[in-house]
Amino acid sequence: MTVVTSFIDSFNPFAIAQQFTLQGLLKKTHHIWYYIVTLFLTNYLASFIFYTGVSILNEQFLTTYWTILAFPTAVLAFIAGNILIWYSIRSFLINWKTRKFLMDKSDNETKELELKFSEKKVTPTSLIGIGFTTTVIEFSTAAPFIAYLTVVQQFQPTFGQLLLLLLIYNLIFSWPLFALYFLFVGFQTTFEKIYTRMNVVLQMVSAFLLPILFFIIALLLLTYAVNIIF
């Protein structure tokens with residue numbers, strides 16, 4: 001069951017397309033592992049936390065204390081959501097104004113500034129942020145995975161068995177990302193030709209992808225906070 005479910009769940013077009021795009025923005029090919037490993041670890045930890053949450057619910061612990069924890073949790077979500085909205089809008093506007101500024105310059109000035117702007121690559125820190133944000137967004141729609149964890153919980157595995165099952169699941173779930181990396185390494189010349197033709201699109205993604213992802217996370221946090229508080 002673990003192998004079949006994780007294999008079916010592994011065909012994640014969003015994560016695969018995102019990795020393909022990010023790969024073209026990196027100066028060093030191996031930096032994409034920051035993104036892949038972040039996705040893997042976040043999924044692994046999230047699955048463990050969710051499983052633990054299901055167990056807690058069955059013991060009615062969370063039901064007893066949720067009335068105390070609900071409001072402060074919502075307040076923290078509200079604060080975090082507002083901070084992320086401010087950051088995402090600020091980053092988006094800065095990049096937008098930079099692009100507009102380039103368009104208003106003369107040809108020579110534009111070429112010089114465009115070169116500097118085009119040199120902006122996705123850093124390892126950004127890759128970690130994108131990987132984490134992507135996983136959080138997708139986990140809310142991971143119905144097969146959640147159903148799988150619910151079934152596993154009914155068998156009451158030991159702690160060691162649980163960690164092993166989750167490790168196997170997430171390794172199989174992540175195999176397309178591993179495969180895409182090694183495919184890129186094996187056919188790097190071909191991929192680089194594709195990325196050269198997509199240069200303008202890739203630079204726009206580099207500038208605006210992370211702010212948009214943070215904005216989506218902020219909306220989810222604010223929606224949660226408003227539902228609890230009001």
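The values are calculated or read from the model by the stated rules, or taken from the named source; none is laboratory data. The structure presented is a predicted model; accordingly, all values stated were derived computationally and were not measured. Cβ sites come from the backbone with ideal geometry, for glycine too, and all protein chains shown count toward neighbours.
Points worth noting:
- Single unsatisfied condition, residue 66 versus (1) modelled with pLDDT under 80; (2) under 24 Å from residue 168 (Cα atoms); (3) surrounded by fewer than 15 Cβ atoms within 10 Å (Cβ to Cβ): (2)
- Residues located in the range 149-163, provided they are β-branched (Val, Ile, Thr), modelled with pLDDT under 75 and out of contact with any helix residue (DSSP H, G or I) (no Cβ under 7 Å at 6 or more places or on another chain): 151
- Residue that is at pLDDT 80 or above, under 28 Å from residue 215 (Cα atoms) and in a helix (DSSP H, G or I), where the choices are 176, 144: 176
- From the options 41, 76, 84, residue that is under 30 Å from residue 154 (Cα atoms) and at pLDDT 75 or above: 41
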